[in-house]
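Data first, discussion second: the structure below is written as structure tokens.
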Amino acid sequence: MNLTVNGDPHTFNGTTVTDLVAELNLTGRRLAVEVNREIVPKSEHDTHTLREGDTVEVVHAIGGG
Amino acid sequence: MSEDLLTIAGKTYASRLLIGTGKYKDFEETRDAIEASGAEIVTVALRRTNLGQNPDEPNLLDFVSPERYTILPNTAGCFNAEDAVRTCKLARELLDGHSLVKLEVLGDQKTLYPNIAGTVKAARELVDDGFQVMVYTNDDPIVAKELEDMGCVAVMPLGSLIGSGLGILNPHSLLLIMEQAKVPIIVDAGVGTPSDATLAMELGCDGVLLNSAVAHANKPVLMAGAMKKAIEAGREGFLAGRMPKRVYANPSSPGEGLI
């Protein structure tokens, strides 16, 4: 399915947020995920099913003041 | 000084220096500078993960661990309340439910001056959602009181523009804010030198948050240690109570027994 991930189009070959994180090579990293402007908590990554056209944000901590 | 602890949202800290993680040369320097600073509260920003990155690429929090430090996520780069609130919710999720956040809603890119209307709006929404909000603001005592009254756990007036190193330009305004405050007042933005930090503490501020002053020094780790001492010196000077200023001289040596 086609998603927008971090502002760019992405072709997704899975079902859940966990699948997407794995596809992005980010499994095990500390991050937060938002789908269509709603946070998907870590506890729901395994069960939250992504849909065609979903907008996903994957964020992490970086240096800042 | 073991009894003189900084209390924010019910948690106590021995260090009154809060430090940022931005603009260092690399993660090693970040880690070393923070260690030299003695800071216990460390700010971070939230940004999109680089996709397609090397899975072994280290992350900031590998070098500045949430086990060791109180990580304070900020809303840097947010120019409206909605983005700031969204960022705080993501931060809370990222940090396993920790709800202490540094709120900043900026007005423009050139000055990074706080947009007060947006700041007040975001603060209210975040406090209502259970966040513990440390709020970056200007040096307006009316705004400071409003932010405190709505439940922000600390108010953080700027000393001068973010990253400017211009120091404490508004000592009188800070005094007005501190006179009325019942929550910690932490100067955030504009500190450039150790003496700037000392001045803020001598005025009675509860703490200082700085980043550029250390990261943009020629020798950041050395400057971090200097800032630690500067803030301790300023705090002790404040608690010691300065000598009065006088119009005329007052000799230090006795007048009797002159030959």
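Structure notes:
- Scanning region A:6-17 for residues that are of a type in the set (V, I, T) and buried (at least 16 other Cβ atoms within 10 Å of the Cβ), we see that the one that is nearest to the other protein chains (Cβ to nearest Cβ) is A:V17.
- Some residue of region A:18-36 being surrounded by fewer than 18 Cβ atoms within 10 Å (Cβ to Cβ), over 30 Å from B:H216 (Cα atoms) and among the basic types (K, R): no
- Spans of helices (runs of 4 or more DSSP H) in region B:141-256 with at least 3 residues within 14 Å of chain A (Cβ to nearest Cβ): B:212-215, B:220-240
- Scan of region A:18-54 for residues that are among the β-branched types (V, I, T), more than 16 Å from B:A91 (Cα to Cα), within 12 Å of another protein chain (Cβ to nearest Cβ) and touching a strand residue (DSSP E or B) at 6+ places or on another chain (Cβ under 9 Å), ordered by number: A:V21
- B:I142, sole failed condition from (1) of a type outside the set (S, T, N, Q); (2) touching a helix residue (DSSP H, G or I) at 6+ places or on another chain (Cβ under 8 Å); (3) surrounded by fewer than 22 Cβ atoms within 10 Å (Cβ to Cβ): (2)
- Test for A:H60: is it away from chain B (no Cβ under 12 Å), crowded, with 16+ Cβ neighbours inside 10 Å and of a type outside the set (F, W, Y): no
Every number in this text was worked out from the coordinates using simple rules, so none of it is lab data. Computed from a prediction, not measured in an experiment: that's the story for all the values here. Backbone-built Cβ (ideal geometry, glycine too); neighbour counts: all protein chains shown.
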